[in-house]
Structure formats: structure tokens, C-alpha cells
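Notes follow the structure.
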Amino acid sequence: MDLNHWAGKMQQMLNKIGDEHFSRDVIKAALEVVFSEMKKEMKKKNEELAKAKADAEVLHRILYENDQPVYAGFWERDCDMAEGTFSMKFDSELEYQRFLVDFYKGAEGPQRSWRLSLEEYEEFHSYFRDRALEAYENGRGNAVIL
């Protein structure tokens, strides 16, 4: 909580009142307004913190207490216009998330990942295509058609 922010709010309120109207009751009322706003902001921050904590607990359970396999499909294209898909099975959500970090970190071009069901994983067919080589072989060595 930024106390300078609230002190500034109090000063603004007192400036609006003017010197000739200062009294103990006026200052008390101004303080009540500022403290009421502070309470509202603190309540909102506490609610946000509680939600973040709950989200972190769920994420922790998913990552560290869940040993269900994760199946995923991947598509990528590199800087030389070669592209392909592949699928992988991971022993846990944590293993999958760690792989994703490296997968996207090493990107040379666009990439995509998605989850697969066990059935989709078993039926998945990988492919690889080199568009630059195809263009060269088709007599269009200086133009690649996407």
C-alpha cells in the first residue's frame, strides 16, 4: 500500500475544504472518507491475493501431484521454410510444461502445440515438408508458395 498516495488524497480533500472551514469534525470526516477508500482497496488487493494463492495451489497440484500422462501434437516451420508435425507423450504435466518452454525458446519460425486425447495420439500421423526444396525442384528456385 502506497502511503504517499493516501496522504496526497487527504491533502487534496483538505485543500478543497479551505482554511476557513477547518474543524475537528471536518478533518475527522475527511479521514473517514480516505480510510474507507483505503479499506476498499485493501479488501480488493486481499481478494486478488487470495485468488492468486488459490490459483497457485491448483497449479501446484496440477504440476507436482498429477502423474497422468499428457499427449500433445506440435507443428513448426523453420527459417528455411521446412515444416512438419510430430506428437509426444509426456509422463506428467510438469514434464510437458518444461518441454514447451524449450520448444518455444528454440523457435526459428511459427510454432503451435495442442493437447491430444489418447486416441488422437495413437492415430496421429507426422509429416515433414521442405517448401524451399519443393520450389527448387519444381523450377521455382526463387519463389516459395505457402
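The values are calculated or read from the model by the stated rules, or taken from the named source; none is laboratory data. Since we're looking at a predicted model, the values are computed, not measured. Counting neighbours? That spans all protein chains shown, and the Cβs are built from the backbone with ideal geometry, glycine included.
Numbers for the structure displayed
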| read-out | value |
| --- | --- |
| Qualifying residue in the range 52-70 (condition: farther than 30 Å from Trp6 by Cα and in contact with a strand residue (DSSP E or B) (Cβ under 6 Å, 6 or more places away or on another chain)) | yes |
| Criterion (modelled with pLDDT of 85 or more and not aromatic (Phe, Trp, Tyr)) met by exactly one of Leu59, Leu116, Leu63, Leu133 | Leu116 |
| Evaluation of Gln97 against (1) free of Cβ contacts under 8 Å to residues at least 24 places away in the same chain; (2) in a helix (DSSP H, G or I); (3) surrounded by 13 or more Cβ atoms within 10 Å (Cβ to Cβ) (one fails), failing number | (1) |
| Residue that is part of a helix (DSSP H, G or I) and surrounded by 13 or more Cβ atoms within 10 Å (Cβ to Cβ), where the choices are Glu119, Glu83, Glu134 | Glu134 |
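Residue-wise test of (1) in the same structural domain as Arg115 (by TED's automatic domain parsing); (2) closer than 30 Å to Leu133 by Cα.
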site: Met38; (1), (2): no, no
site: Met42; (1), (2): no, no
site: Glu48; (1), (2): no, no
site: Lys51; (1), (2): no, no
site: Asp78; (1), (2): yes, yes
site: Arg98; (1), (2): yes, no
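Yes/no per residue for (1) outside any helix (DSSP H, G or I); (2) within 21 Å of the chain's Cα centre (by Cα); (3) not aliphatic (A, V, I, L, M):
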residue: Leu49; (1), (2), (3): no, yes, no
residue: Leu63; (1), (2), (3): no, yes, no
residue: Asp67; (1), (2), (3): yes, no, yes
residue: Phe74; (1), (2), (3): yes, yes, yes
